[in-house]
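Worksheet: one structure, shown below.
Computed from the coordinates by the stated procedures, all read-outs in this text should not be read as laboratory data. Please read all numbers here as calculations on a predicted model, not as lab measurements. In this analysis, Cβ positions are derived from the backbone assuming ideal geometry, glycine residues included, and neighbour counts consider all displayed protein chains.
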Amino acid sequence: MAKNDKYSILAEEILKNLGGEGNIASFENCMTRLRVNLKDMSLFKKGTLEKVEGVMGIVESGNSVQIVVGPGVSNKVSQVIRETTKISVQDVAEFGDAEAVKTQVKEQYKAAPSDFLGKISSIFIPLIPAFIGSGLIMGINNILVKIAETNPNFTINPNITGLLGVFSGAVFGYMAIMVGMNAARVFGASPAIGGLMAGITISSGLAGLTLFGRELVPGRGGIIAVLLVVWFASVIEKWLRKSIHESVELILTPLLTILISGFVAVLVLQPIGGAISDGIGAAAVGAIEKGGALTGAILGGTFLPLVMTGLHQGLTPIHADLLQTTGVTTLLPILAMAGAGQVGASFAVLAKTKNERLKKTVKSALPVGILGVGEPLIYGVTLPLGKPFLGACIGGAVGGAIVAPFSVGAMSMGISGLPLAMVINPGNVGYYLLGILGAYVGGFVATSLLGFEDPID
């Protein structure tokens, strides 16, 4: 091993005092430390290693040895070992390294279902800014209207509130078309055709028409039908482009795509989408109404693991469909409790830890966590620490159990945390805030009781 710099020297000293390369069973690197499993602990010279310049601390447990060398240094040392020995060094992540943890977790879930969920995600994620903006405008408008109704000294021009209503409602009025365009892009077809096919499904011109004894219904099947129709149109379009001679392809492909897909859409796919949509809606609403607090606890308590695996993306079209068919999504307020539970768990970590870097990480991630952006807390704090993640799930279960019995619904999507309160259906804002408080307290208490291993810098 070359001794050309301090990292090489440090790496050599570490290996020598661990009993040599042959004594290493496994070797992992994280932000601040080297994590090693040894074959023979009798070869480990702890006292000598502690005196090596650059070694800041040693944590020993069974055959596992953690050598604290500090941020940045661990990467340099592990790179030297990777390049100069036959030891396989695996990079792992710990608290504060949110992106690394997220990448590591996501790499574990690349099964076939993830491909489908990835497509769903690609369809809806570009729409999130519109959902967020519209949702916040809806919330502001609701607050202004409420103040005007309850305070005779406060007046607002109805044209202003009317315009704000237009601004906030446009995304939901034309959501099908936007979803159709994005879906076509994801499915490898023309966005314009996708938007057009989605427009056909919601066209008011369908009302009153009857084909083969079947009455056509505008908007039947909601977003689920749009996804089915655009997928089918994409298949037809791509097949036609390959099959038709290039001299007439530009004319015939869109013509035949629209005609074939249009008839199949209104006669077959919309009814199928309608059945699926009705089933999902009935199942979601029924489970919440009948299961009450228990259903809320299960949904709120298991949502963070879904986020961790990426499976939560499959719920986005369900939220969108519920909004289109019922005007609210009763799922979203319950699932939002998971993020609140995580806030409570992170407050407990902040209260108990003596690690200054961990304190800084929590403090930087908490504000956005309270506002409904949970990933910095998931991947930067609770998940790497282990038990606080479980505490966060318990907090989410507590909040879900509080919210579910009252059928609290959100009139928009794309926002979470405290801002979601602005778009909660009238009369239920108090129940939502009570759920948030319950999740905070539940996450805090659970994490305090469970405890965690305070990292050593």
(request) Would you list the membrane-span-like helices of the chain, meaning whole DSSP H runs whose alpha-carbon atoms span at least 18 Å along their axis and whose mean Kyte-Doolittle value is at least -1.0? (result) 112-124, 128-150, 158-173, 222-243, 246-264, 270-309, 331-352, 356-370, 387-403, 429-450
(message) Please rank LEU136, LEU18, fewest neighbouring Cβ atoms within 10 Å first, as an exposure proxy.
(response) LEU136, LEU18
(request) Run the numbers on the chain and let me know its relative contact order in percent, using alpha-carbon pairs under 8 Å that are six or more apart. (result) 15 percent
(message) Between LEU250 and ILE143, how high is the FRET efficiency from 1/(1 + (r/R0)^6) when r is the Cβ-Cβ distance and R₀ = 51 Å? Nearest 0.05.
(response) 0.50
(message) Within region 298-450, how many Lys pairs that are eight or more residues apart, or on different chains, come under 14 Å at the alpha-carbon?
(response) 4
(request) Specify the longest stretch of the chain that does not include any exposed loop site, a site being one of the GluC sites (Glu not before Pro) with a non-H, G, I, E, B DSSP assignment and at most 12 other Cβ atoms within 10 Å. (result) 54-452
(request) Taking the Cα atoms of region 298-450, report the difference between the largest and smallest coordinate on each principal axis, in whole Å and largest first. (result) 50, 29, 24
(request) Please tell me the relative contact order of region 304-457 in percent, rounded to the nearest whole number, where contacts are Cα pairs under 8 Å and at least six residues apart. (result) 34 percent
(request) For region 136-291, evaluate the Debye formula with one uniform point scatterer on each Cα (no solvent term) and list log10 I(q)/I(0) at q = 0.14, 0.19, 0.20 Å⁻¹, rounded to two decimals. (result) -0.81, -1.08, -1.13
(message) Counting other beta carbons within 10 Å of each residue's own, what order do PHE187, PHE303 fall into, fewest first?
(response) PHE187, PHE303
(message) Quick check on the chain: helices-only [θ] at 222 nm, where DSSP H runs of length 4 and up contribute -39,500 (n - 2.57) each and the sum goes over total residues. Nearest 500, please.
(response) -20500 deg cm²/dmol
(message) Please enumerate, by chain and number, the lysines with C-alpha under 18 Å from the C-alpha of LYS238, excluding those fewer than 8 residues away in the same chain.
(response) LYS119
(request) Go ahead and run the numbers for FRET between ASN37 and ASP5, Cβ-Cβ distance against an R0 of 30 Å, rounding to 0.05. (result) 0.65
(request) Quick one: compute a quarter of the convex hull surface over the Cα atoms of region 6-92 and quote it in nm². (result) 4.7 nm²
(request) Could you line up HIS245, HIS319 from fewest to most neighbouring Cβ atoms inside 10 Å? (result) HIS245, HIS319
(request) May I ask you to list the lysines whose Cα is less than 23 Å away from that of LYS16, ignoring any residue fewer than eight positions away on the same chain? (result) LYS3, LYS6, LYS39, LYS45, LYS46, LYS51, LYS76, LYS86
(message) Taking R0 as 30 Å, what FRET efficiency do you get between LEU259 and GLU215 from their Cβ-Cβ distance, rounded to the nearest 0.05?
(response) 0.90
(message) Amide H of ASN29 versus every other amide H placed in the peptide plane: which residues, excluding those fewer than 5 positions away on the same chain, fall under 5 Å?
(response) ARG35, GLN90, ASP91, VAL92
